[in-house]
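Trainee: Structure incoming, see below.
The values are calculated or read from the model by the stated rules, or taken from the named source; none is laboratory data. Predicted, not measured: the structure shown is a model, and the values here were computed from it. Reconstructed Cβ throughout: ideal geometry from the backbone, glycine too, with neighbour counts over all protein chains shown. To get the accessible areas, we keep the full protein, side chains included, count just its heavy atoms, and leave off ligands, DNA and RNA. Shrake-Rupley method; radii C 1.70, N 1.55, O 1.52, S 1.80 Å.
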Amino acid sequence: MYITFNKVSKRINEKVILKEASFTIEENEKIALVGINGTGKTTLLKMLARLDPYDSGQSIYKSGIKIHYLQQHPTFLCTTVWEEMMALNKTNEHPVEEFEIKSTLTRLGIHDFDKEIITMSGGQQKRLALARALLSECDVLLLDEPTNHLDNSMVDWLENYLIRLKSSVLMVTHDRYFLNRVCSRIFEMDQGDFYIHDGNYEKYLENKQIREELEQEAAKKHKNLYLKELAWVRAGCQARSTKQQSRLQRFEELRNTRFKQKNEALHIDSTSKRLGKKTIEWNNLSFGYEDILFKDFSYSLLRNDRIGIIGPNGCGKSTLLNIIAGKLQPDTGSIEYGSTISIGYFEQKDLLDLKDIRVIDYIEKDTKVIEANQERISASIMLERFLFPKSLQYTMIDRLSGGERKRLYLCKILIERPNVLILDEPTNDLDTLTLEVLEDYLDSFDGIVMVVSHDRYFLDRVCDKVFVYQPDKTLKPYHGGYSEYLQQYEDEKESHSKSTKTTWKTKPTNTLTYMEKRELESLNQQMEELEIEIDEINEKMSVNLPYEQMKELDDLRTEKESLLEEITLRWMELEEKKEM
């Protein structure tokens, strides 16, 4: 046992974060923490990291336990990337090899090890903080949205890394594929209540549905009993006898009982302006800064297209969306827009700069009444549908959680009734409930959707076609969502491998032929040489090199390790045959 919380409670002003929550974190556990935005997930991580006190209850930590906390907005101690990683290494009892540090940074898209941290983007800083967390020597790793700002290949790598990691991990993430594959327990926070679900994300969904059905039934019975007792009280019965006094007391208890507001209150009406026959068509788009980001991209959007854009960080996905949204001009090529096109562009931005604006004022800035499904809805009611109760509508925007600000931004865009939705990383910081409702909304949305996302579940759920960035700077189309693209890509790779791969040929005998004996001797020598080559590559990677050379060495090491594994399997096959 690493950490135990026993009947821990926490409030922030009038908001209840936890009500007598009890749980333990055991050795080598992989746990997810889920709940709607603003429910207090980050607060709980800070409490576990002993950065934020709780109001009542008890906590027990294993003696000498080491905890590392990856925050949503990390801070750094040093000037450059390498200095930061070396400072971390000094705190590790068993320092990490330099080539392993460089390999981890490279995997997370950080290639300039001498870069000053202050000049890095927010996403790069978050990835640096993630590398620091993964290489820290700790018993418990607390991760707050670790998959934000990671591309698909990085997320795949992180999944495998955490599965193998010996430390216990408690993470806040809304990547549902990630949750399903990595986590064996789910902690759920829901309006102060704390639930524990054994199993992965699919099991959690089953348990949650059963619990909510039971809660709805209990609320229904409570309401019926309350109405019955209310009728008795209104009949004017006098509270003279002990029995009548007891019944009045029960009525007061029923009246004071409160059931949780159902999360399903979040509801988005699918409304959009009429879309004409002509949509958006672009021809031979190219763009670059110092280097070309993409070239020769042509496509004509269909009326109900659901398009996903997939590629590594820095390849130009957001730039492409900016060009299609009309915020940036291409270097070459042209774009034509239909006369009825109305674009709603969900960009990668926060609303923290709106410090002196209340939630309700932000929504009412352009209109106080919204047209939705032939009805007129006030901005206040629309906010309630987006889980902003009246008590929260007069709060300053900079006091909202990151996820709440994202949800408010989404509300602002959707009430403008666009018929083309361009979404740039819409899943970052949004809770799973909002994501599910957004996905349902997009199902019935009568218009075009273009999305850049690293959330594989979201891409599978929403998209029927994806464009994937290629090494030659073009974009290649695949039909289906992310999983279907991946399957098609693997099929292409396997087909190519079969046409070029040399296969080992063996005779169905139980004794080695003369050629097989010679081959066995050769394999022994090849394995020794490959092991030496891999050691030499690791040594080269231990010094400071430019990104291109580091990537080339990392790819070469992977190639050598794969060849070594193949030769070793053949060696084992021949050795087994030799002993028969």
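Trainee: Using 0.36 nm per residue, how much length does the chain from S22 to T119 gain when fully extended, once their Cα-Cα distance is taken away? Walk me through the numbers before you get to the answer.
Mentor: Values: separation 97, 0.36 × 97 = 34.92 nm, distance 4.26 nm.
30.7 nm is the gain from fully extending S22 to T119.
Trainee: On a 0 to 90° scale, report how tilted helix 482-500 is relative to the longest principal axis of the chain, with both axes built from alpha carbons and the result rounded to the nearest 10.
Mentor: 10
Trainee: Quickly estimate the mean residue ellipticity at 222 nm for the chain, helices only: each DSSP H run with n ≥ 4 gives -39500 (n - 2.57), and the total goes over all residues, rounded to 500. Provide the component values of the computation, followed by the final result.
Mentor: Values: 18 runs with 248 residues, N = 580.
Calculated mean residue ellipticity at 222 nm is -13500 deg cm²/dmol.
Trainee: Hey, which of these cross-link pairs are over 22 Å Cα-Cα: K102/K295; K30/K102; K465/K493; K46/K208? Write down the numbers at each step before the final one.
Mentor: Numbers: K102/K295 31 Å; K30/K102 26 Å; K465/K493 20 Å; K46/K208 25 Å.
From K102/K295; K30/K102; K465/K493; K46/K208, over 22 Å: K102/K295; K30/K102; K46/K208.
Trainee: If you don't mind, another one. I'd like the orientation of helix 242-256 relative to the chain: the angle between its Cα long axis and the longest Cα principal axis, in ° from 0 to 90, rounded to 10.
Mentor: In the chain, helix 242-256 runs at an angle near 50 degrees to the longest axis.
Trainee: Another one. Working with all protein chains in place, sort E565, E364 by solvent-accessible area computed with a 1.4 Å probe, largest first.
Mentor: Details: E565 115, E364 55 Å².
The most accessible residue leads, giving E565, E364.
Trainee: Can you tell me how much longer the chain between E29 and Q525 gets when fully stretched, taken as 0.36 nm per residue apart minus their C-alpha distance, in nm with one decimal?
Mentor: 174.4 nm
Trainee: What ratio of Cα Rg to 2.2 N^0.38 Å holds for region 382-471?
Mentor: This ratio for region 382-471 stands at 1.18.
Trainee: Let me know the volume per residue of the alpha-carbon convex hull for region 29-90, in Å³. Each step should come with its number before you reach the end.
Mentor: Details: hull volume 9.3 nm³, N = 62.
Considering the Cα atoms of region 29-90, their hull volume per residue is 150 Å³.
Trainee: Modelling each spin label as a point 7 Å along the Cα-to-Cβ direction, I'd like the L225/D464 distance in nm, to one decimal.
Mentor: Going from the L225 label point to the D464 one covers 5.0 nm.
Trainee: Tell me, Kirkwood radius of region 140-213 from alpha-carbon pair distances, in Å? Mind showing how you got there, number by number?
Mentor: Values: mean 1/r = 0.0755 Å⁻¹.
13.2 Å is the Kirkwood radius here.
Trainee: Need one number for the chain: average projected area of the convex hull over its C-alpha atoms, nm². Before the final figure, lay out the partial values.
Mentor: Details: hull surface 147.4 nm².
Across all orientations, the chain yields a mean hull projection of 36.9 nm².
Trainee: Straight-line reach from K577: which aspartates and glutamates fall under 16 Å, measuring Cα to Cα and dropping same-chain residues less than 8 apart?
Mentor: Leaving aside aspartates and glutamates fewer than 8 places away in the same chain, those within reach of K577 are E516, E519, E521.
Trainee: Would you kindly find the accessible area of I36, with a 1.4 Å probe and non-protein molecules such as ligands, DNA and RNA excluded, rounding to the nearest 10 Å²?
Mentor: Accessible surface of I36 is approximately 40 Å².
Trainee: State the Kirkwood hydrodynamic radius of region 1-70 in Å, one decimal place, computed from all pairs of distinct Cα atoms.
Mentor: Details: mean 1/r = 0.0780 Å⁻¹.
This gives a value of 12.8 Å.
Trainee: Sort 283-293, 99-109 by packing, meaning the average of other beta carbons within 10 Å per residue, with the highest value first.
Mentor: Numbers: 283-293: 13.9, 99-109: 19.8.
Descending packing order for the listed peptides: 99-109, 283-293.
Trainee: Further question on the same structure: Pairs K7/K355; K317/K406; K19/K203: which are spaced more than 29 Å apart, C-alpha to C-alpha?
Mentor: Values: K7/K355 36 Å; K317/K406 20 Å; K19/K203 24 Å.
Exceeds cut-off: K7/K355.
Trainee: Then there is this: Report the FRET efficiency, 1/(1 + (r/R0)^6), for K355 and I532, where r is their Cβ-Cβ distance and R0 is 60 Å, rounded to 0.05. Don't skip to the answer; put the middle values down first.
Mentor: Values: r = 60 Å, r/R0 = 1.00.
The value I calculate is 0.50.
Trainee: Moving on. Assuming R0 = 51 Å, can you tell me the calculated FRET efficiency for the pair E14 and E290, based on Cβ-Cβ distance, to the nearest 0.05?
Mentor: The calculated FRET efficiency here is 0.45.
Trainee: From the mean inverse distance of alpha carbon pairs (Kirkwood) and the Cα radius of gyration, derive Rg over Rh for region 1-140. Please list the in-between numbers first.
Mentor: Numbers: Rg = 17.3 Å, Rh = 16.9 Å.
Result: Rg/Rh = 1.02.
Trainee: Which order do W82, W571 take when ranked by solvent-accessible area (1.4 Å probe, heavy atoms of all protein chains), largest first? All intermediate terms of the calculation are to be shown ahead of the outcome.
Mentor: On the way: W82 50, W571 75 Å².
Largest to smallest exposure gives the sequence W571, W82.
Trainee: Where the centroid of each part is defined by its Cα atoms, how far is region 1-66 from region 321-359 in Å?
Mentor: Between the Cα centre of region 1-66 and that of region 321-359, the gap is 40 Å.
Trainee: Separate question: Between Q209 and K517, what length comes free when the chain is fully extended (0.36 nm per residue of separation minus the Cα-Cα distance, one decimal in nm)?
Mentor: Between Q209 and K517, full extension yields an extra 104.6 nm.
Trainee: Alpha carbon centre of region 273-301 versus region 386-441: separation in Å?
Mentor: Centre-to-centre distance over Cα atoms comes out at 27 Å.
Trainee: Related question: Where the accessible area of the chain is counted over protein heavy atoms with a 1.4 Å probe, how much of it, in %, is carbon and sulfur?
Mentor: Working: 14480 of 29970 Å².
C and S fraction of accessible area: 48 percent.
Trainee: Excluding residues on the same chain fewer than 8 positions from K10, give the aspartates and glutamates whose Cα lies under 18 Å from its Cα.
Mentor: Hits, sequence-local ones excluded: E20, D52, D55, E188, D190, D193.
Trainee: At 1.4 Å probe size, with every protein chain present, just tell me what the per residue accessible area of region 59-132 comes to in Å².
Mentor: Values: 3700 Å² over 74 residues.
Accessible area per residue, region 59-132: 50 Å².
Trainee: Still on this structure, please answer the following. For region 304-438, what is the accessible area per residue in Å² when the probe is 1.4 Å?
Mentor: That works out to 41 Å² for each residue.
Trainee: Working from Cα positions, state the angle (0 to 90°, nearest 10) between the long axis of helix 402-414 and the longest principal axis of the chain.
Mentor: 80
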